[in-house]
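One structure is given below, encoded as structure tokens.
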Amino acid sequence: MLHRDTVDTTVLPPSERFGMWLDLVARTSAPMRIWSAHAGDFTARADFLDLGPIQLINYHYPSLEATRTAKLIRQSDPELYMLALTTDGVGTSSQDGRHSEIRAGEFTFYDASRPHDVGHHATEPEQGRASSIITMIPHAALPLPPQRMAALYGGRMSGSEGIGALLAQFLLQVTGHPEQYHAADTSRLGAVGLDLATTMLGRHLVAEDAVPTEVRRRALLTQVHAYVHRHLGDATLSPQSVADAHHISVRSLHRLFEAEDSTVASYIRDMRLARCRRDLTDPALRNQPVQAIAARWGFPDKAHFSRVFRMAYGISPQAYRESNSDPARIVNRAAFTVNSVRAD
């Protein structure tokens with residue numbers, strides 16, 4: 001799984017928790033001054049994920065206010081951009097004279113090398129907690145014109161539509177379920193996150209042409225993959241419908257896949273087959289007819305499904321299901337035999 005470092009203040013008595021949090025903030029690459037009405041019992045948690053080109057921090061804490069001053073910047077300037085997704089509560093962000101209120105599901109963006117103020121308040125101040133996911137992006141890693149980024153400082157961006165929604169889903173999935181990924185996935189996940197962040201920021205600059213072509217290509221490919229996964233059960237899913245959904249021509253869609261190991265149609269077919277194969281071995285679906293499983297994942301024609309399944313896996317769907325249920329019975333019989341041997 002991905003390596004995750006966690007700081008949890010509940011390991012200390014209530015009176016010591018805010019001090020622990022202050023120490024944590026002081027040790028970060030971009031320290032800030034913070035204060036909170038909950039300093040007497042600051043129940044908070046931070047999960048850190050290093051994804052190579054970017055770092056993610058998933059914060060859960062009571063309401064707080066924070067400021068990064070010119071003096072703190074002189075003491076430590078890691079040259080980082082901060083892209084913050086509010087996941088619960090209401091945030092505020094101020095930089096370079098711009099002030100925004102950030103609702104749950106929205107992003108804000110600021111430069112840790114410049115003074116700024118941020119705040120985050122739980123919707124239920126007395127008992128609730130605020131939460132956010134911070135993406136730390138080195139200045140040198142963001143392939144956008146630095147002189148134009150100030151237009152976004154302290155502003156807000158939607159995390160519920162377009163690239164913003166895809167980035168928000170990515171951040172929630174990776175930080176919420178690091179156990180679903182291998183350590184070897186780290187750099188690739190970081191590259192995907194950076195591509196999505198770059199594309200979203202570029203679009204809000206109204207300067208998508210400033211985003212490198214390869215970054216735009218990879219971000220669009222990620223969008224297409226996500227769209228296909230969401231619509232696998234639609235029997236009408238096809239290269240044409242995918243292209244229409246992304247406002248590009250089918251020819252452009254095929255060009256997008258030229259660097260991949262499969263065509264658009266074969267990618268759709270392979271993803272559908274993978275879902276069918278998974279469901280055929282799911283004990284909870286043992287009583288579901290094979291054709292019902294096939295139809296659920298976009299294969300309404302029984303003969304066609306059997307043919308493409310056999311071509312992919314060298315065995316019929318029914319035989320695959322039976323062969324993958326037998327080993328469990330064999331193992332259980334062997335376990336019974338071992339357990340039945342009398343001790344001397």
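The values are calculated or read from the model by the stated rules, or taken from the named source; none is laboratory data. Not measured: the values here are computed from a predicted model. A quick note on method: Cβ atoms are made from the backbone with ideal geometry, for glycine too, and the neighbour counts reach across all protein chains shown. Accessible surface is based on the protein model in full, side chains and every heavy atom, while ligands, DNA and RNA are left aside. Shrake-Rupley method; radii C 1.70, N 1.55, O 1.52, S 1.80 Å.
Grab the alpha carbons of the stretch 77-180, take their convex hull, and tell me the volume per residue in Å³. Before the final figure, lay out each step's value.
Working: hull volume 13.1 nm³, N = 104.
Given the Cα convex hull of the stretch 77-180, per-residue volume reads 126 Å³.
Tell me, what is the FRET efficiency for Ser187 and Lys302 to the nearest 0.05, using R0 = 35 angstrom and their Cβ-Cβ distance as r?
Working: r = 43 Å, r/R0 = 1.22.
After rounding, the FRET efficiency stands at 0.25.
From zero up to wherever the largest Cα-Cα distance of the stretch 7-131 sits, split into 10 Å bins and tell me the percent of pairs in each.
Distribution as computed: 13, 44, 37, 6 percent.
Run the numbers for Ala265 and Asp244: contour at 0.36 nm per residue of separation, minus the present Cα-Cα distance, in nm. Could you put the intermediate results ahead of the total?
Working: separation 21, 0.36 × 21 = 7.56 nm, distance 1.47 nm.
6.1 nm is the gain from fully extending Ala265 to Asp244.
Would you please give the residues with an amide H less than 5 Å from that of Gly105, counting only those at least 5 places away or on a separate chain, with H modeled from the backbone geometry?
When sequence neighbours closer than 5 places are left aside, the close amide H contacts are Thr86, Thr87.
With loop defined by DSSP as not H, G, I, E or B, and exposure as at most 10 other Cβ atoms within 10 Å, which is the longest segment of the chain clear of exposed trypsin sites (Lys or Arg not before Pro)?
Details: sites that count: Arg286, Arg342.
Longest run free of exposed loop sites: 1-285.
Using a 1.4 Å probe over the heavy atoms of the protein chains, calculate the carbon and sulfur portion of the accessible area of the chain as a whole percent. List each step's numbers first, then the result.
On the way: 9250 of 17750 Å².
That share works out to 52 percent.
Report D for the chain in µm² per second (integer): Stokes-Einstein, Kirkwood Rh on Cα pairs, 10 °C, 1.306 mPa s.
Numbers: Rh = 23.3 Å.
Approximately 68 µm²/s, per Stokes-Einstein.
For Ile248, tell me the accessible area in Å² from a 1.4 Å probe, rounded to the nearest 10.
It works out to around 40 Å².
Could you identify which residue out of Leu196, Leu273, Leu166 has the top mean-square fluctuation in a GNM of the chain using Cα springs shorter than 10 Å?
Evaluated over the chain, the most mobile residue of the options is Leu273.
Roughly how many Å² is the accessible area per residue of the chain, as a whole number, for a 1.4 Å probe? Display every interim value, and only then the final one.
Working: 17750 Å² over 344 residues.
In whole numbers, the chain has 52 Å² accessible per residue.
Gain in length, Asp96 to Arg255, computed as 0.36 nm per residue apart minus the alpha-carbon separation, to one decimal in nm? Mind dumping the intermediate values first?
Values: separation 159, 0.36 × 159 = 57.24 nm, distance 4.18 nm.
Answer, rounded to one decimal: 53.1 nm.
Kindly write out, for the stretch 32-45 in residue order, the coupling ³J(HN,Hα) from the Karplus curve 6.51 cos²θ - 1.76 cosθ + 1.60 (θ = phi - 60°), rounded to whole Hz, with x marking Gly and Pro.
Per residue, the Karplus-derived 3J(HN,Hα) values read 9, 8, 10, 8, 8, 6, 10, 4, x, 7, 8, 7, 9, 8 Hz.
Can you give the net charge of the other residues whose Cβ lies under 13 Å from the Cβ of Leu2, counting K and R as +1 and D and E as -1? If you can, show how the numbers build up before the last one.
Values: positive: Arg4, Arg188; negative: Asp5, Asp47, Asp50, Glu179, Asp185.
Value of the local net charge: -3.
Using a 1.4 angstrom probe and counting only protein chains, how large is the accessible area of Thr43 in Å², to 10?
Per-residue accessible area (Thr43): approximately 40 Å².
Residues of the stretch 215-244 with the amide nitrogen closer than 17 Å to a label point 7 Å from the Cα of Gln288, along Cα-to-Cβ, please.
What the label zone holds, given the 17 Å backbone N cut-off, is 229-235.
Helix 186-204 against the longest principal axis of the chain: what's the angle in degrees, Cα atoms only, rounded to the nearest 10?
60
With every atom except the alpha carbons ignored, what do you get for Rg and Dmax of the stretch 103-262, in angstroms?
Cα-based Rg and Dmax for the stretch 103-262 come out at 17.5, 56 Å.
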